[in-house]
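One structure below.
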Amino acid sequence: MKVAVIQFLGSNCDLDSVWALRQIGVTTDLVYYKDFEEIYYKYDGILIPGGFSWGDYLRAGVIAANTSCMKLVCELSESDVPILGICNGFQILTEAGLLPGALIRNDSLSFICKWVTISVESKKSVFTKDLVIKSQLKMPIAHGEGRFATDDLNKLYKNNQVVFKYLGENPNGSMDAIAGVTNLNGNVLGLMPHPERASDNIIGGKDGLKILKYFLT
């Protein structure tokens, strides 16, 4: 699988994501969002990294979500291309309508940067199909607008779309401690914790690779 890590203005976890994928053997390119339109057909997988696209003006992720690049990503999602959105990438995917719900200001109204533990709640996502339900992963979070909210929580559970939940402390006040969700088809996943920042023991652990390794298929 060949993966494009899409770089928007304000992305700051793009190089981390490229490094994490390459170290496990995934063929990965860093692709500027304006260039993606010309070469999108070359890629079998998409990763939308964290950061602060366009400074999070208006709402986190909303400007990036309305680019021509993301219109193509939406089209690719309909062809079951695996798409992973991390932190700001998760925000972009919700704003683009590829994932349900919204990410709003943390209940503390403060930026949070810390390691957390999440549990695997669903194998519906292609990124978690080989993981054990209720297994635990440790990864860092770093966000100011990571509180997941939805007006139809029951529907998400009915469709098995809640993929990750925070264990112990609910760091940002997310509804029902939700840390990540998938689309109905299971090929699009968004999560607030950063798997690319949990890709080597020297930086705190390698649990993030359990998610990223799907791109090896």
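We did not get these values from a lab; they are worked out from the coordinates using the rules stated. All figures in this text were calculated on a predicted structure; none of them were measured in a lab. Here the Cβ is made from the backbone with ideal geometry for all residues, glycine too, and neighbour counts use every protein chain on show.
Per residue of the chain, the DSSP helices (runs of n ≥ 4 H) give a summed -39500 (n - 2.57) that works out to -5500 deg cm²/dmol at 222 nm. In this Cβ point-charge picture (+1 for Lys and Arg, -1 for Asp and Glu), the chain has a dipole of about 560 debye about its Cα centre.
In the chain, the DSSP beta bridges split such that about 60 percent are antiparallel, to the nearest 5.
Computed from the C-beta positions of residue 23 and residue 169, the FRET efficiency with R₀ = 41 Å rounds to 0.85.
Within a Cβ distance under 14 Å of residue 145, other residues only, what is the Lys/Arg minus Asp/Glu net charge? Within the 14 Å Cβ shell, the charges total 0. Comparing mean-square fluctuations of 133, 86, 46 from a GNM of the chain with C-alpha springs under 10 Å, the top value falls on 133. Across the chain, the relative contact order, built from alpha-carbon pairs under 8 Å that are at least six residues apart, equals 21 percent. Within a straight-line Cα-Cα reach of under 26 Å, residue 206 can be paired with the following lysines, leaving aside sequence neighbours fewer than 8 residues apart in one chain: 2, 114, 123, 124, 129, 134, 138, 165. Of the chymotrypsin sites (Phe, Trp or Tyr not before Pro) found in the stretch 27-135, the ones in coil according to DSSP and having at most 16 other Cβ atoms within 10 Å of their Cβ are 57, 111.
The GNM of the chain, with springs linking C-alpha atoms under 10 angstrom apart, assigns the highest mean-square fluctuation among 83, 39, 24 to 39.
Here the stretch 135-217 has an Rg and Dmax of 13.3, 40 Å, counting Cα atoms alone. Classified by the C-alpha gyration tensor, the stretch 2-216 has a rounded form. Its axis ratio a/c, with a ≥ b ≥ c, is below 1.5. Choose one answer from 15, 184, 58: the residue with the largest mean-square fluctuation in a GNM of the chain with alpha-carbon springs under 10 Å. Comparing 15, 184, 58 in a Gaussian network model of the chain, the most mobile one is 58.
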